Every structure is written in C-alpha cells, then in structure tokens.
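Values quoted throughout were computed directly from the atomic coordinates according to the rules given, and no laboratory measurement underlies them. Not measured: the values here are computed from a predicted model. No Cβ is skipped: glycine too gets one built from the backbone with ideal geometry, and neighbour counts run over all protein chains shown.
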Amino acid sequence: MGKSLFQKVWDTHAVGTLADGRTQLFIGTHLIHEVTSPQAFGMLRDLGLKVKFPQRTFATVDHIVPTENQDAPQDPLAAEMMRALRDNCDDFGVTYFDLKSGKQGIVHVVGPEQGITQPGTTIACGDSHTATHGAFGAIAFGIGTTQVRDVLASQTLALEALKVRRIEVNGDLRPGVYAKDVILHIIRLLGAKGGIGFAYEYAGDVFDRMSMEERMTVCNMSIEGGARCGYVNPDAKTVAYLQGRPYVDSKNFDTTAARWLSFASDPDAVFDDIVRINAADIEPTVTWGISPDQGISISENIPDPAKSQTPGEKASVEEALAYMKLPAGTPIKGVKIDVAFIGSCTNGRISDFREVAKYIRGHQVAAGVKAIVVPGSQIVAVQCEKEGLPQIFRDAGFEWRAAGCSMCLAMNPDKLIGDQLCASSSNRNFKGRQGSPTGRTVLMSPVMVAAAAINGSISDARELFELKAEAAVA
Amino acid sequence: MALEPVLSVSGTGVFIPGADIDTDRIIPARFMKCVTFDGLGEFAFYDVRFDEHGNKTNHPLNDPRFAKASILVAGENFGCGSSREHAPQSLRKYGFNGVIAESFAEIFYGNSTTLAMPCVMASAADIKALAAAIEADPNLIVKIDVDALRVSTSTGLDFAVKMPESAREALVTGRWDPIQELLDNESEIEKKAVELHYV
Ligand code: SF4
C-alpha cells in the first residue's frame, strides 16, 4: 500500500512517541517573525535554555513594519518589537533577514525566495499561513508561541498526526479565474471548519499546471478552510523553481532533487477522504460576509437569510450581513468600495503584480477610492522596479508601497477607517481584521481588486478588462 | 519539571453565542504589539465589548451577572483563524479556566492545552441546555471533569464531552507542557537531524 506525501514526511520526521501518545516530530525549518517570537525567547531565558540548532531558524520582520519609511516606525511599540527581534537573533545566533538585508518581507514570501522552503521537509512558524510552504511539498503549519519555544529549544514539537483529504480539481479554468478563486471556491464548498483534523493534498491537472506562485496562493488559505496544512506534490516545476536559490545545496543538486521528488504521494496512496471538483464550475469568487467560507461567484446575489436551511445558518447570515451592511438578496456586483488592497502572503508575489499590470494601463482608480499596492518582500519590490511595474500602478492611481503585511492585518499604519469597505487580495475577512473594529473586507483575486478599484465598486474583471469569458455552458 | 495535574476545573459560566468566533475577535491584532503576554486579559474580545466610542456594548462579558465567570461556553469552530497564542493567553489572563464548545480550531486547541486551559467538545443540544441553565442562574457552578470527560452543574445537568485522548492524558498526568519530555530525547533528536540532512 502506497503512502501519501504527508505520511512519508511524518514518518521520516518522527523522533518518537511521547507519554501522552503524541508524536515528537522533528522540525526541519523554523521561521519566526516579530509578533509571535519575543515571548518564546523570554520563556527560553526564564528556563535557562539555548536554541538547539540556530542554523535551522530564520527570522524576518513583516507584520508591524510601516510601508512608508519602512525602517522608521513612528509607533514606539512597533519599534520595541523590531528591537526585541534584533536582540533575540543576536543573542541566540539566528539568521535575521532585516530591513537592511534586501531580503526582508512577509515570512511566507521570504522562505521560498531564499530556497529555505524545500520538499519533503517539516516547517513550522508562529503564523497560521505557514501552510503556504506546502506548495513545495513540505508539511508546513502554524504553531503557538509556547511551541515556538519548543522548536527553538528542541527542534521538535509534540503533535498528533492529521488525516489527509485529497482535493482534486481537473479540467480547464475559464479566463479570468485565478488560483485565488480556486481556493475561495474550495473553502466555500467545504466550509471554514471542513478541514479540521485534516491536511489537504491539492491534486489534479489544475494544480499540475499552476506555477509555484499560484500553488502558494492555494496552500496559503488552507487554514481558512480549517486545515492546518495543505500541500501540492513536488514535481519538475518545484525543482526548477528552487535550483540556484541561496539555501539550496548546489553541489549535490541532482541527488537533492531526486530525494525531494521521492516524497510525492505514491500512485496507490490511500486517503482518508477525496473531493473532486470540476475546474469549469469555478467562477471569479468574492466573499460577502465575515468568514472566508462566506463566498459567492461575482454573478450571484448576496444570500438572503430567509432562504437559510437551518436556524444556525440563518443567524450567521444575519450576523454577517448586519456587520457588512449589505442588503440581502441583491447582486454583490456594484457594491461600492472605499479601499483597494493588493498584497499579503496570499497575493503579494511578482506574478500577482505582473498580472494586474497587464490590464490597468489606460485605466484610473475611481475618485474617492484609496488603492494601495504592497509587494510581499524587498526582492519582489526590486523585481517590480526592474520591470517598471510601480510606474504602471502609479499612473493608474495606485499608491506603491514598501514590503510587509500591511493592510492584511493592519498592525502597521495601513488601516481601514470606520466602516470603510475594502476589496482585498488578502486571506481573512474577519470582523475588524483590517484595523478598524467596524471595517469591512471583501476577499478576491488581485485582478478583481484592480477592477473594483477602477470602477469604484465590486466588479467582474472579465467585463472591465475583456477577459473573454466563453459563453456559459448551459 | 513537575506540573500540576488538571483533573477538573469549575466556576461560573458565560455563554458567548455564534459560530466561527475567530482569534481576531478574541484578541484584535493591534493589542499584539507587545513583547510579553502580560496585560492581555483586559483586551479579550475588546472590539465586541466596546463600540467605536469606547462605550460598553451588550456583549455577555459586559453583563455584570457574568462578571466572575471562569468557564466559557461557545458554539462551533471556536478560535479559528490565526495561530496567535495571544488569544488563549488573553482568555486565561482574563480569568477563564476552561472552555466548552461544539468544536474548536486546532491550533487554538493545542495552544490552550499547553496553557492548562482544558477545551472540551459538547453536542449542540448540550451546549444549548447549558447556556439556558447559565442564563437562568448566573451563579450556577459549572464543572468540567477532565478525567471522566463530563460536564456537570450544581443544578443537576450532567453530560459527556469529548477531548482528544492525548490532550486528556497530558492534562490529567500533569504533562500539558511537553518541553521537558521533548528535551529528554536529545540524542534521538541529534540523530534525526543528521539522518534527514538538516545539519
Ligand atoms: S500577510 Fe497577512 S496573513 Fe500573511 S503573514 Fe502577514 S498578516 Fe499574516
């Protein structure tokens, strides 16, 4: 009987079984950032412990950095957090991609960029979007701060194995349908808690054809579907992406690549569950509520609580609509927006900005809309400059900023004000997520955000940019 | 490192209705600008406890009848979203000792167990009955028996709850913080690092 990638990685990384029955799992790579690590270093100091393998932990700063005057936060608390990370990395010998390194960025953009993220490895980070790294065939998941301490001290974690659900998407995506739509569609189908207890294996020809960056977009939002991790099996594309990156062993590359590929799920692997989705059923998808599974296609109407199947569903639709201040049963298309945000670890990579730049020439952001674009890392920003992308965005009326998490969770100065509604390429539409307790978030692909910015309202990018949607199949 | 076994926790309860209560709701991100967890308690559920002008809302945690509650009762998928330990830390520091919900998000669950705050799962019907009992008598003592996996009240409600066996085991044997056990396997860890080409 064959094994899935998850089982292979789990079995090879198991150090032993603990008294409570959990597995002690070796963590190959540990990524840290300024928000969830200072307390962990504090705990190490209190216990008089060292970092076991300092070369296996990598740090960067992303959540609290301003995107204007990056290295001069006006906020004393942010400055203190940056200082704490610097000191902790120095004291414990951890590599830190700081603002001066030219390599700083969102931790989930930096790992792959540096070639730190590799197939067949375990990756942990005090951040739930660590699932992003699963795009490379790694088992990557978010952990709490006490566990950050555990990894620092022992390079291992006490964990329980997950079940594996294979999600197969086959067929052709229609024009104007992106990786972001695929994952929003999956979450809509399976629910925000559908993945609890599971790792998601994304398989099928749609993922086979996707670029590494698109795979990252999909894996990134596994957690929004309740799955602690998600992955795509490594293939030739994975190997090609990693070749030549700073942390990849170039001397024995062929051996390394062969080892990576050997982790892919066996053809006869057994899964705990299999879900099959037809690619042609996926449309550009947007959220209308306060949970990432509250999504609809751009041509649908906002749900009507009166049509809910259960009292629980009715209550949650009502709560979401009251918060979002959206009228039940009316089209989502045409809802006015105040802010547009393109960036985050979901959609802040070079291919995202290239794709949007293709369409926005000759267009202008609507009057009254604040539109900001935030590259996911300094390396992405430099590449954008080389290709002349910032100017294209500026000419169209977007603000071009420096790298960081920015308005994805608004721990820096980029925040919604009052009940502003934001068309956002990020991953969470929770109440208050973008910095204002009454701010509203509508999740969508970057090209859809650009269309919303230009029209001043939630729009079908296929119409505005003439993305030639074929006639719908009857 | 000998830890206190957690066999049961009890206290008065408060019911926070709604499914998918996420970690951004439990502790809004702006309160995470800190280098220690101290002081997080007062910000638990801040944005639903206070309106834009800083006035108290009618959130259950603002209801004086539930001011001393130490057992939190909730719906499905409690603690979803971020991995931030700031969420269970803020609940713990607010004064909660245990959570009873229909289901939990995994990372939140693990974080809470490591903080010796048991999280147990109950059926929707039992949660409903418990919420009604708390509403009828806010001074009702709710007991989570971690060892026997039952929840009971001083008024005679008594029902079975679930919890992964590893978490139950860890709590009742005082191994909820695994650090010492992890460190004890040092030579195995070192062997693994070499075997897997990590060093
Ligand atoms: S971009 Fe958003 S989701 Fe990603 S790491 Fe930063 S805050 Fe988290």
- request: Could you let me know the centre-to-centre spacing of the stretch B:123-142 and the stretch A:88-167, using Cα atoms, in angstrom?
  value: 41 Å
- prompt: What list of ³J(HN,Hα) couplings, whole Hz, do you get for the stretch A:63-73 from phi and the Karplus terms 6.51, -1.76, 1.60, once you set θ to phi - 60° and write x for glycine and proline?
  reply: 5, 9, 6, x, 9, 10, 6, 3, 8, 10, x
- line: Rounded to the nearest 10, the angle in degrees between the Cα long axis of helix A:350-360 and the longest principal axis of the Cα atoms of chain A comes to 10 degrees
task: Partner chain Cβ atoms within 10 Å, averaged over the residues of A:140-152 - can you pull that number for me?
output: 5
message: Rounded to the nearest 20 debye, what is the charge dipole size of the protein assembly as shown about its Cα centre when +1 sits on each Lys and Arg Cβ and -1 on each Asp and Glu Cβ?
response: 680 debye
statement: With x for Gly and Pro, the residue-by-residue ³J(HN,Hα) of the stretch A:172-179, computed from phi through the Karplus equation 6.51 cos²θ - 1.76 cosθ + 1.60 at θ = phi - 60° and given in whole Hz, is 9, 6, 6, x, x, 9, 10, 3
- request: Mind checking which of A:Ala340, A:Thr36, A:Ala320 is farthest towards the positive end of chain A's charge dipole, using Cβ charges of +1 (Lys, Arg) and -1 (Asp, Glu) about the Cα centre?
  value: A:Thr36
Kirkwood hydrodynamic radius over Cα pairs of the protein assembly as shown, then Stokes diffusion coefficient at 37 °C and 0.692 mPa s, in µm²/s: 130 µm²/s
query: Considering only DSSP beta bridges whose two residues both sit in chain B, what percent are antiparallel, to the nearest 5?
result: 55 percent
- prompt: Rounded to the nearest 500, what is the protein assembly as shown's calculated 222 nm mean residue ellipticity when only DSSP H runs of at least 4 contribute -39500 (n - 2.57) each, over all residues?
  reply: -9000 deg cm²/dmol
statement: For the protein assembly as shown, percent of DSSP beta bridges that are antiparallel (nearest 5) comes out at 35 percent
query: Between the stretch B:90-104 and the stretch A:252-294, what is the C-alpha centre distance in whole Å?
result: 33 Å
- prompt: Which value, in debye to the nearest 20, gives the size of the charge dipole of the stretch A:420-467 about its Cα centre, when Lys and Arg are +1 and Asp and Glu are -1 at the Cβ?
  reply: 380 debye
statement: the stretch B:1-79 and the stretch A:376-453 have their Cα centres apart by a whole-number Å value of 30 Å
task: Could you tell me which of A:Val369, A:Phe353, A:Leu421 has its Cα farthest along the dipole of the stretch A:331-464 towards the positive end, charges placed at Cβ (Lys, Arg +1; Asp, Glu -1), taken about the Cα centre?
output: A:Leu421
- request: Given the options B:Ala69, B:Ala87, B:Ala136, state which has the largest fluctuation in a GNM of chain B using a 10 Å cut-off (strictly under) for Cα springs.
  value: B:Ala136
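For A:Val275, what is the net charge nearby, where nearby means another residue's Cβ is under 10 Å from its Cβ and Lys, Arg count +1, Asp, Glu -1?
Summing Lys/Arg as +1 and Asp/Glu as -1 gives +1.
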- prompt: Tally Lys and Arg at +1 and Asp and Glu at -1 over the other residues with C-beta under 15 Å from the C-beta of A:Ile337: what net charge comes out?
  reply: +2
